[in-house]
Amino acid sequence: MSERPFALRASGVTKSYGGVRALAGVDVHVRAGEVLCLAGANGSGKSTLIKIISGVENPDHGTIELGGTSAQRLTVKEAVDRGVQVIFQDMSLFPNLTVAENIAMSARVSSNARWISERKERALARSVVERLGLRLDLDAEVQDLPVADRQLVAICRALALDVKVLFMDEPTTALTWHEVETLFRVVAQLKEQGVAIVFVSHKTDEVLDISDRITVLRNGEVVADGPTAEFDHASLVEALLGYSATEDRVLSQALAAAAPALEVEGLAATDLFADVSFSLVQGEVVGLTGLLGSGRSEVAEAIFGKVPTTGGRVRVAGREVSIEGIDDALRAGVAYVPSDRLTQGVFLDQSIATNLVSATIGTVTRRGGVLDESAMAAQVDDAVRDLAIKIGEPTDPARSLSGGNQQKVVLGKWLATDPGVLILNGPTVGVDAGSKAAIMEILRRKASAGMAILLISDDVPELVSICHRVLFIRRGRMSGELAGDEITESNVRERLVT
Amino acid sequence: MTADVHAERAATSRRPGLAALRGRNNEGVLAGVILLLLLVMLVVEPSALTWGFAGDIIRSGLVTLALALGLLLIIISGGMDVSFTAIAVFSGYATVRLMTDLGIDGRVWPFLLAAAIGCALGSLNAVLVARYRMETLIASLGTQVIIRGFLLAFVGSTYLATLPPQLDSVGTTTIFRLGSSPVNIVVVPVALACVALALILRRTMFGRGVYAVGGDKESARRVGFHVARVQTGIYLLAGLFAGFAGMVHVVLSRHASPFDLVGMELNVIAAVVIGGALDRGGRGSVHGTVLGVLLVSLVQNSLVRLGISSYWHVLVIGLVILVGVAIQARSNARGAKRPRILEEVTP
């Protein structure tokens, strides 16, 4: 393979934003038919590098060599003409257009077409979909598609052009590992077709699984670079973080006299799930897992009152409650950290302080509805210290934080309500290994203090690292339970698919 | 296993026969509502359903439809506009004023001149939205007042009761009669404008850009659209349609008043929104808008035929708007509907 020509070679790429150095002389190269993993924690400079190579940003120094021609800087159009395509993390699709229209879009735009022929669009889309052996309904609107299919549409769109270097920015963030397998199959196919793939990720499992070579970025510099065979899980994490972090199974101490915290009995919702029963005692961390679309999120949302139920009972701390919205949930002592923090959990443009007090605004309000600034500041200080959130100023917008710290802010906002039951849905999705370990440690600490935690996740190592028990759900019905020493990665994975 | 999952997904996302009738923006539902209303009329007041009734509906809907076209473009692109009535009245009135003052006359070119004036005025919005990235509604609130103020201060504030004879003759030319109701010749250019806009939206890359910008501006930028250029095109074209609509209004009402049209925005916005273009952007079609205008016009004329006092009209139209928009918003929430998860247990 080493005889293959370089598809991309970037040398000495340097970029600063107002004095802050995002990239310091980075060298990256990838050959045709090779899968390079560009790994790095949040804020390591991965995104900046992608933006520079795809022409969205200009570097301060450095050269970018694509298919034999070298350039100091590129425009988006030049990058596309030289075969660079990026599948962004948010996929950048058009929800209002059909699959065929989305797939044909980039190719039509870059060919400077003036007219549109629906027939040709469909033919182009069909040829790409068939080339990859996928099954996609070309006439469906993208907004009606499940996330996994949207990811495939984004890939098809990139391939509708003559792509030589394909960047995939955290493509698996929203996928279950089952769907990741489908994605990996597509990647393998592309590789065979001679496409150079730059796979951006901070999930060590998949980095080791899919790549031929790994380049690790940390603080804007390449800190490790070599064939994948030279890395293992531990050395990769250490390269990513600069220190070692483990995902060992560490359980919080069970409480001696634990009272029931959350009891769910025969909960049902039309078309979504039925006969869901389980319970948590104080201080217990229980995982609820299943494939995407198994009903795992819906159960959590039903307990929190976001999905209307058609039967069953929920008891919190022994008292039967009827939760129909956030107010009821807060009163009952239930907090829910939703899965999609960008749209449901954090106000990106609001200050960190505002975000932290937003669930407990009643407690920092004086009579007459005036905010008590000092109480607010005290609460924010507590949260920042307690959760070790790395912030500049409390008045900075939440947008300025890394993904891991944003997630801590969301967590802090709900912890401030002092809930007896904390439900978390995918709390470490899109969070780097360091922040992930920190969040797990916070959860252990809260559980030791008596909080009951229901962790909804399909991140198997995460479930294994923290849960006293793991419940399984499949097609809307509870399908099993593992406890204690039965909880191992292989057991959990096996239960997930069978 | 994976193949099964995919086959299943393909099956659930394919639209079954009945749903296909609904159309991409609920145009089918709207057509159904219109038919239902006609049925109600047939039961309540069968004598009213004549060709003349159809003629009345067409005549009263023409100006609304002409005004709706430019607005449709803007709403599809995710914007909102309230300046189009001001652009229309400015263009129509200024053209007639110019013709009267210079003593020139014509049949076709005044429409083109009004459209050109509208296009020039639309460039104001284009600059504010595309260049200075202003919120579209806010920008148009400003331009509405400016354009109207300029019209009254510099062009004229007097009512022109008669049009130059040739232009006036357009307003009295009928192509055919529907029963007792004459159908004016301007139905032809309005229909042509509809066809032109439909072609632009469906067959040109610019049209696709309008939907792309309305669907997701950042994504549009990333696939290589020049968003500012697309927006400039949208506001120039919308101005052009508004100017043309202003002349349609002048010709049909057979006078030119600088105080007309402004205040009619909500009716037009309602017709476009009922026609399937949601304020969220990225949706809407010319045929949907035609149906939306038809519905509003049908309701208005039905009330007249039923002999209901005109004081009630405003209230009823208001209700129609509310219900129509609610239906659109509701059926659009289907995108957010959860897919079925629960597996039935076979006993």
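The values are calculated or read from the model by the stated rules, or taken from the named source; none is laboratory data. Since we're looking at a predicted model, the values are computed, not measured. Cβ sites come from the backbone with ideal geometry, for glycine too, and all protein chains shown count toward neighbours. When the accessible area is computed, the model is the full protein with side chains, heavy atoms only, and any ligands, DNA or RNA have been set aside. Shrake-Rupley method; radii C 1.70, N 1.55, O 1.52, S 1.80 Å.
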Dipole in debye (nearest 20) - the range B:225-315, about Cα centre, beta carbon charges: Lys, Arg +1; Asp, Glu -1
160
Taking K and R as +1 and D and E as -1, what net charge do the other residues with C-beta under 11 Å from the C-beta of A:LEU38 add up to?
-1
Please report the buried accessible area for the interface of B with A, total over both chains, probe 1.4 Å, in Å² to the nearest 100.
4000
Can you tell me what share of the DSSP beta bridges in chain A is antiparallel? A percent to the nearest 5 is fine.
55
Only Lys, Arg, Asp and Glu count, each charged at its Cβ (+1, +1, -1, -1), so figure out the dipole size of chain A about its Cα centre, rounded to 20 debye.
780
Simple Cβ-charge dipole of the protein assembly as shown, Lys/Arg +1 and Asp/Glu -1, about Cα centre, in debye nearest 20
2560
Given the Cα atoms of the range A:289-348, and with Rh set as the inverse mean 1/r over their pairs in the Kirkwood sense, what is Rg to Rh to two decimals?
0.99
Output the antiparallel fraction of DSSP beta bridges having both residues in the protein assembly as shown, as a percent to the nearest 5.
60
By accessible area of protein heavy atoms, probe 1.4 Å, what ranking do B:SER140, A:SER279, A:SER297 get, highest first?
A:SER279, A:SER297, B:SER140
Over the heavy atoms of A:ASP90, what accessible area does a 1.4 Å probe trace out, to the nearest 10 Å²?
100
Can you sort A:VAL56, A:VAL142 by 1.4 Å-probe accessible area, starting with the largest?
A:VAL56, A:VAL142
Report relative contact order for the range B:57-261 in percent, whole number only (criteria: Cα-Cα under 8 Å, sequence separation at least 6).
45
Which one, A:ILE214, A:VAL84, B:TRP51, is farthest towards the positive end of the dipole of the protein assembly as shown when Lys and Arg carry +1 and Asp and Glu -1 on their Cβ?
B:TRP51
Which whole-number percentage describes the relative contact order of chain A, with Cα contacts under 8 Å and a sequence gap of 6 or more?
15
Enter the angle in degrees (range 0 to 90, nearest 10) between the Cα long axis of helix B:187-203 and the first principal axis of the Cα atoms of chain B, meaning the one along which they spread out most.
40
Which of B:TRP109, B:TRP312, B:TRP51 is most accessible, then next, and so on - probe 1.4 Å:
B:TRP51, B:TRP312, B:TRP109
Report D for the range A:260-497 in µm² per second (integer): Stokes-Einstein, Kirkwood Rh on Cα pairs, 4 °C, 1.567 mPa s.
71
For chain B, find the longest principal axis of its Cα atoms and tell me its angle to the long axis of helix B:227-253, 0 to 90°, nearest 10.
50
Net charge contributed by nearby residues that have their C-beta within less than 14 Å of B:MET264 (K/R +1, D/E -1)
-2
Membrane-span-like helices (DSSP H runs, Cα span along own axis at least 15 Å, mean Kyte-Doolittle at least 0.5) in chain A -> A:99-110, A:147-159
Divide the volume of the convex hull of the Cα atoms of the protein assembly as shown by its number of residues and quote the answer in cubic angstrom per residue.
210
Can you tell me how the range B:57-261 classifies by the Cα gyration tensor, rounded, prolate or oblate, using a/c under 1.5 as the rounded cut?
oblate
Nearest 10 degrees, 0 to 90: helix B:286-305 Cα axis against chain B principal axis
70
Over the heavy atoms of A:GLU298, what accessible area does a 1.4 Å probe trace out, to the nearest 10 Å²?
30
Residue-averaged beta-carbon neighbours from other chains (10 angstrom radius) around A:89-100
5
When Lys and Arg each count +1 and Asp and Glu each count -1, what net charge do the other residues less than 12 Å away from A:GLN253, Cβ to Cβ, add up to?
+1
Once the dipole of chain A is set up with Lys and Arg at +1 and Asp and Glu at -1 on Cβ about the Cα centre, which of A:VAL321, A:ALA335, A:PRO59 lies farthest towards its positive end?
A:PRO59
At a probe radius of 1.4 Å, what is the per-residue accessible area of B:VAL227, in Å² to the nearest 10?
10
